[in-house]
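Everything on this sheet refers to the single structure shown next.
The values are calculated or read from the model by the stated rules, or taken from the named source; none is laboratory data. Since this is a predicted model, take the numbers as computed values, not measurements. Cβ placement follows ideal geometry from the backbone for every residue including glycine, while neighbour counts extend to all protein chains displayed. Heavy atoms of the whole protein, side chains included, go into the accessibility calculation; ligands, DNA and RNA do not. Shrake-Rupley method; radii C 1.70, N 1.55, O 1.52, S 1.80 Å.
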Amino acid sequence: MKNMGEMLLTRTEFSEIVMGNTALVRAMVEAGTQVVTSYPGSPTPEIATAIQSIPLAERPFYFEFSTNEKVAAEVAFGASLNGRLATVFFKSVGLNVAADSFVQFSLLHCIGGLVIVLGDDPGANSSQNEQDNRHYAHMSYTPILEPANPTEVYTYYREAAALSQAMAKPIILRMTTHVCHAKERVAFAGWTPPERVDNTPRFDPANGPYIPLVAKVFPMKREALEGLKRVEQWVDERSLHRLIDNRSERGLITSGMVYLSVEDVLTGVAAKPDILKLAMPYPMPARAIADFLATHREVKILEELDDTLEKEIKALAFDRGLTTTILGKGDLEDWVGEYTPDKVRDILHRTWPDVVSPRIAVAPETLVPVSMRPAQMCPGCGHRSAFHAIKQALPEGGTITVADIGCHTLGFQEPYQMGEVLLCMGASTGIASGLALLNDSRPVVAFLGDSTFFHAGIPGIVNALFNQHNLTLVLMENGTTAMTGHQDHAASGRNVNGPVEAIPIRRVLEGLGVQHIFETDTYRQKELAELMRQALALKTFSVVIARHPCMLLFTRNQRKKSGYKARFVQIDQEKCARIHACVSDFACPSFSRAADGSVTVNRELCIGDGSCLQTCPTGAIIR
Ligand SMILES: Cc1ncc(C[n+]2csc(CCOP(=O)(O)OP(=O)(O)O)c2C)c(N)n1
């Protein structure tokens, strides 16, 4: 068995069981992709893991984690203008960040080809919403291919790359969480590495116009719209849409992973409807859909999240005078959550009770009870120490705390309850500024992670300074982008390809003119609490840098070293006064309270960091 990096560069045909995210990287290699950019976010980080499994010297394309999704998209776009086949990938909400640049791409000639890979998240498995990014495809006139499984990820990426190069227009490859993470055996073609790295810049303004302003906007928009027609034809000619003919007068139109749920539900069903599985839901394949409608009495449109297809298909039927009964979404639940086989069964049973049987209720006694386990910070997490300390410095009930996105978001939970509002990456300072306005009695505290500082945090800080807002920003600096799997950021001193000069956050803050900067290690809880009090007393914009390296990353690295010895704390039962501050206030998951009131330490979890020692009023926690 080859390692992943070797597998991804295999020259001969082969097949392997891979994740959608891994299949994508092999497709990038085969398609001759030259520049790949990203900002981390679930469900896409394993794409980067697969890329990084190829040693830098052998990697057939340039790869970077950019500062945020907008910059990542711009870098890929710029590379494409230079004639390079470029790809950017990020999570669903990343498109909101990239949008200001992204919506222009289809107006311009991306001569090298440009594929935007989205990790959408129906079900909000790891996102703050389950936004349907097909809307962005519509508003930016960008065609969108929707694979259902790793094999289609592999095929559709290569189609997207070829189509984008042929049209010089961007193409979206929309993957969803379980398309990214599902595994199956994929048959890969061979690959011949390029003979030499092509460093010839091909940017030529004559390929433009590249300035979408004033009078140029209209012709550019017309061209983008005309392009959609040609794309529709391309997909048709290459037979990417699939028609599953079950000789029924009922039909079902679907796309992406939902198709797999349909297959599952229809297994063993006698009177299966015919199925039109769309490879590209936008631009809507008018010919294929009109033909399908015309040849069926009743057609159900089964689409996850919003009703973009349904609206278009109903309009098409109306325009063409087709009398087929079109069945779209029913109740509100049809808009919510992933279309898992169970959900699809429920919907299809409601639609055609004579075809699809209801879900078989599982007898409660056969269900294995799984206790609820809320997401929590890891043992030793510096953020926990920070919240524990800061909580003691805040006037009881008299503050407003604003969360941001990252591992520290978990501070909103019991027992810390720090962070009462949350929007998206980098929003905490801006929200806190608003909460500080016309507010003379409740100090406002915002939290922000270090990767997020660079991603989208700086404008809010500049605004707070510029408009003189009164709030304290706590920078939760752990040296990495922890929540998404420890990707480096501008202050880490490394990028994905090797060591680089770090951009220290403190220096950036000083450069911006922040007058009041406090700084300590979060394990120094008393000091942190004291600094917090000082910062709040200033009644002006202040920053407290609450620093401690991510202990999950640190411990993992330690474990790789020879001679590593596991460490843990223990409870001195003589000294333990059963106050339970370790369980109730500090709340490290390594501690648990036994039925007799004694406290025990789970040695599988404890990393022996000792950040808890100072939290016990009787000093009963010992190394
Ligand atoms: C626009 C956007 N891009 C990416 C993500 C995915 N994401 C969630 S948390 C996070 C990491 C935040 O890192 P940092 O600010 O350093 O906080 P940490 O997790 O290290 O505490 C990222 C990238 C997201 N939620 N939104």
Residue within segment 92-108 that is in contact with a strand residue (DSSP E or B) (Cβ under 8 Å, 6 or more places away or on another chain), in contact (Cβ under 8 Å) with a residue 12 or more places away in the chain, part of a loop (DSSP other than H, G, I, E, B) and surrounded by fewer than 24 Cβ atoms within 10 Å (Cβ to Cβ) present
no
Mind checking which residues of segment 109-149 are surrounded by 19 or more Cβ atoms within 10 Å (Cβ to Cβ), within 16 Å of the ligand (Cβ to nearest atom) and of a type in the set (A, V, I, L, M)?
116, 117, 118
If you take the residues in segment 492-520 that are closer than 30 Å to residue 586 by Cα and surrounded by fewer than 18 Cβ atoms within 10 Å (Cβ to Cβ), which one is farthest from the ligand (Cβ to nearest atom)?
516
Scanning segment 578-623 residue by residue, the ones that are open to solvent by 20 Å² or more (accessible area, probe 1.4 Å), of a type in the set (Ser, Thr, Tyr) and more than 22 Å from residue 412 (Cα to Cα) total 2
Restricting the first residue to segment 211-222 and requiring it to be under 14 Å from residue 109 (Cβ atoms), which pairs with a second residue that is not in a loop (DSSP other than H, G, I, E, B) meet a Cβ separation below 7 Å and a spacing of at least six or different chains?
212/104; 212/220
Per the filter on segment 16-63, residues of a type in the set (Ser, Thr, Tyr), open to solvent by 10 Å² or more (accessible area, probe 1.4 Å) and without any contact (Cβ under 8 Å) to a residue 60 or more places away in the chain are 53, 62
Taking residue 459 as meeting all but one of (1) away from the ligand (no atom under 16 Å from the Cβ); (2) closer than 15 Å to residue 513 by Cα, write down the number of the exception.
(1)
Does residue 147 fit the bill of being in a loop (DSSP other than H, G, I, E, B) and within 29 Å of the chain's Cα centre (by Cα)?
yes
Can you tell me which condition residue 239 does not meet? The list is (1) free of Cβ contacts under 8 Å to residues at least 24 places away in the same chain; (2) of a type in the set (Ser, Thr, Tyr); (3) assigned to a helix (DSSP H, G or I), and all the others hold.
(3)
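Out of the residues in segment 462-476 that are without any contact (Cβ under 8 Å) to a residue 40 or more places away in the chain and outside any loop (DSSP other than H, G, I, E, B), which is nearest to the ligand (Cβ to nearest atom)?
Let us first name the residues in segment 462-476 that are without any contact (Cβ under 8 Å) to a residue 40 or more places away in the chain, namely 463, 466-467.
Pick out the ones that are also outside any loop (DSSP other than H, G, I, E, B) and you get 463, 466.
Values: 463: 19, 466: 23 Å.
Here the answer is 463.
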Taking the stated definitions as given, is residue 289 open to solvent by less than 50 Å² (accessible area, probe 1.4 Å) and free of Cβ contacts under 8 Å to residues at least 60 places away in the same chain?
yes
Scan segment 516-534 and report the pairs whose first residue is charged (D, E, K, R) and whose second residue is open to solvent by less than 30 Å² (accessible area, probe 1.4 Å), with Cβ atoms within less than 6 Å and a gap of 6+ or a chain change.
519/545; 521/548; 527/520; 533/393
Close pairs from segment 477-491: first closer than 17 Å to residue 41 by Cα and more than 8 Å from the ligand (Cβ to nearest atom), partner open to solvent by 30 Å² or more (accessible area, probe 1.4 Å) and charged (D, E, K, R), Cβ under 7 Å, at least 6 apart:
488/494
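Per-residue answers, yes or no, for (1) closer than 26 Å to residue 486 by Cα; (2) in contact with an Asp or Glu (Cβ under 6 Å, 6 or more places away or on another chain):
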site: 4; (1), (2): yes, no
site: 13; (1), (2): no, no
site: 21; (1), (2): yes, yes
site: 36; (1), (2): yes, no
For residues in segment 417-446 being in contact with a Ser or Thr (Cβ under 6 Å, 6 or more places away or on another chain) and under 20 Å from residue 505 (Cα atoms), which is surrounded by the fewest Cβ atoms within 10 Å (Cβ to Cβ)?
426
Residue 361 vs. criteria within 30 Å of residue 106 (Cα to Cα) and of a type outside the set (Asp, Glu)
no
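Between 309, 293, 322, which is among the hydrophobic types (A, V, I, L, M, F, W, C), modelled with pLDDT of 95 or more and within 26 Å of residue 179 (Cβ to Cβ)?
Values: 293 fails: within 26 Å of residue 179 (Cβ to Cβ); 322 fails: within 26 Å of residue 179 (Cβ to Cβ).
Answer to the selection: 309.
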